[in-house]
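A quick write-up on the structure given underneath.
Please treat every number below as a calculation from the coordinates, not as lab data. Worth saying up front: this structure is predicted, and the values here are computed from it rather than measured. Using ideal geometry, Cβ is built from the backbone for each residue, glycine included, and neighbour counts are taken over all protein chains shown.
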Amino acid sequence: MSNLHAISALKQSVWSDQVSRAMLENGELRQLIDEDGISGVTSNPTIFANAITKSADYDDVIAQLAAGGADTEAIYTELVKRDIQDAGDVLLPLWAKSSKQDGHVSVEVSPELASDTEGTIADARAWWQRVDRPNLLVKVPATVEGLPAIEQLISEGISINVTLIFSLERYRAVAEAFLRGVERLIEGGGDPTGVASVASFFVSRFDSEVDSRLEAVGAEAALSLRGKTAVANAQAAYGAFLEIFTGARWEALAAAGAQLQRPLWASTSTKNPDYNDLLYVEPLIVEHTVNTMPLSTIDAYRDHGNYYPVPFGPNEISAAQSTLEDLATVGVDYDDVVQVLEDEGVDKFVVSYRELLAGIAEQASRPI
C-alpha cells in the first residue's frame, strides 16, 4: 500500500494537479490510480502551457490541425478536449464505483472571462457539451462575476470546480451560490445526484503573500506567524464548511440526492524551500475534502508522508481562527491580502493562457 492510501482511508480524496498527453499514453495516470489511490485530475492554463509548449508530444497533432485550416484557438480547444476526454475515460470506472463522488477531471473556462458572467456561462456550457463526459468538472473562478455563473450552471446540472478561492467571505458566497443552484435545479425537476462541485481554496500562495508582509513588519510577533497562516486559512474554511453543510436547508437537499460541495485544497506544493515539503498536505487531512497535488508533492508523500496521519478537528479550527485574528494584531490586512491574491491569480492564468496560444501559433506555423 502506498502512503497515499492512508489519506484516502480518512475520506480525503487525492487528485493529480497535472495531466498531459505523455501521462495518458505512457500509463502514468493509470498507475497513479492503481498504485496510489489517486482519484481525480485537475488542469489549468499553466498546466497545459507546460505540457504543450515544453514538449514535442503535441507537435504532430498541431501540424495536422493547422494543415486542415484550424486557427490557434481551435487547435488549443482540440488539444485540451482530447486530453480531458481521455483522462475522463480513464477515471470513469472510478466515478461509477464511487457513486459519482470521485473520478472527476477538470477543465477551466477561459481566464480572460473572469470578470464576464455571461461569457463564463457560455464558455462553461460549451466545454460541458464538447467534452461530453459525466465526470467532467468545469472550472469557474470565484470572482464576484463568477458567483452568479456558478449558481446558473449548477442549476442547469453542470458540475463545477470553483477555483481561485482565497478568502473565507468569498468561500461562504461560493457555497451559497452552489446551494441556490441546487435548489433551483431540484425546483425545476432536475436530478442533483450526478451534479458534483468542489470549492478550490488556494493554500501555499497565501503564505507567500502574507510572509512577505510579516517580514516587512519585522516584529517578533509578526515573524512568529510565518508559514502558519495558509494552513490556518484552509482549516478555518473547513470550519465554515461544517457550519454551512448542516441543518435543515442542507438536509432537505441531501434527502433529494444532492452531493456535498467539498472543499478542495489547491496550490499545495511548498513554495518556500525552508518549509516542509508536505506542509500543505499533512495538516490539512480531514474527511469530505480533496487535496489536489502536483506530481512532485505526490512523490514526496509516497516517499516520506505519514502513513498514520491524524485528521485535524475542532481544536485546530479554533486555533486557526485565532491565528488569522493575530494577522490584524500585527498589522496585516487580511482583506487586502486575499484581493491581491485573487487579482494575481487571474492575471497569472491569463498570462499562461496567452503564452500557450502564442506557443501553439508558433508551432502551427512551422513547415511540415
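Points worth noting:
- Kirkwood-based shape ratio for segment 10-113, expressed as Rg/Rh from alpha carbons: 1.01
- Using the alpha carbons alone, the radius of gyration of segment 156-250 stands to its Kirkwood radius in an Rg to Rh ratio of 1.13.
- Bridging of Lys348 to aspartates and glutamates at a Cα separation below 12 Å is possible for Glu112, once same-chain residues fewer than 8 apart are set aside.
- The distance from the alpha carbon centre of segment 235-292 to that of segment 50-128 is 25 Å, rounded to a whole number.
- Counting only aspartates and glutamates at least 8 places from Lys11 when in the same chain, those with an alpha carbon closer than 16 Å to its own are Asp36, Asp102, Glu282, Glu287.
- Zone residues, segment 251-273, relative to Ser99, backbone N less than 19 Å from point 7 Å out along Cα-to-Cβ: 251-263
- Maximal additional length on extending the Glu176-Gln321 stretch stands at 50.1 nm, based on 0.36 nm per residue less the C-alpha distance.
- Computed across the chain, the Kirkwood radius stands at 21.0 Å (inverse of mean 1/r, all Cα pairs).
- A simple spin-label model places pseudo-atoms 7 Å from Cα toward Cβ; at Asp347 and Asn276 they are separated by 3.3 nm.
- Förster radius 22 Å - calculated FRET efficiency between Asp71 and Arg354, Cβ distance, rounded to 0.05: 0.90
- Theoretical FRET efficiency, 1/(1+(r/R0)^6), r = Cβ-Cβ of Leu92 and Asp303, R0 25 Å, to 0.05: 0.25
- Rg/Rg_ref, segment 221-285, where Rg_ref = 2.2 N^0.38 Å and atoms are Cα: 1.48
- Counting every C-alpha pair in segment 244-368, the share spaced more than 18 angstrom apart comes to 74%.
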